[in-house]
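Accompanying notes for the structure given below.
FYI, it's all coordinate maths here, none of it is from the lab. Model, not experiment: these values are computed from the prediction. Cβ placement follows ideal geometry from the backbone for every residue including glycine, while neighbour counts extend to all protein chains displayed.
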């Protein structure tokens, strides 16, 4: 390969971070066995740290979603109890009724139903329909 072309390609590659990292890794691969072992050790540490960071991010996201779901159930139960105490004498009754509802969309639909309807009989029918879907 032409030396000028090689130098030009290396110059272009050094402007791209991923290619630069690849060149650095390739250079390290040609080192002594001790240097190779140290490189592998550092690489493993970096990968482990990245995996731990991602795992933490996922745990935080999952925790947020669980908290959001609990809040959605609480608000929906409160609406049901406050508007239709004849159907749900206590807020705990309403929360128990909603325990199986896992979809945020379904909880949102139930809140809309509670706001729209005027009687417990009408609410009961529409709530059953929403939960059957």
Self-check item: Residue-averaged 222 nm ellipticity for the chain, from DSSP H runs of 4+ at -39500 (n - 2.57), nearest 500
Solution: -28500 deg cm²/dmol
Quiz prompt | Residue of 63, 103, 25 that the Gaussian network model of the chain assigns the largest fluctuation, springs spanning Cα pairs under 10 Å | solution = 25
Quiz item: Which ordering of 80, 43, 107 is given by a fewest-first count of other beta-carbon atoms within 10 Å?
Solution: 43, 107, 80
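Provide 18, 112 in ascending order of the number of other Cβ atoms located within 10 Å of each residue's Cβ, fewest first.
Details: 18 8, 112 12.
Going from sparsest to densest Cβ surroundings: 18, 112.
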Exercise. Take 70, 126 and order them by how many other Cβ atoms sit within 10 Å, fewest up front.
Key: 70, 126
Quiz prompt | Using alpha carbons only: equivalent-ellipsoid semi-axes of the chain, gyration tensor based, whole Å | solution = 63, 19, 9
Quiz prompt | the chain: most fluctuating residue of 38, 59, 51 per GNM, C-alpha cutoff 10 Å | solution = 38
Quiz item: When only C-alpha pairs under 8 Å and at least 6 residues apart count, what is the relative contact order of the chain, in percent?
Solution: 15 percent
Quiz item: Where is the GNM fluctuation largest for the chain (alpha-carbon springs, 10 angstrom cutoff): 93, 34, 82?
Solution: 34
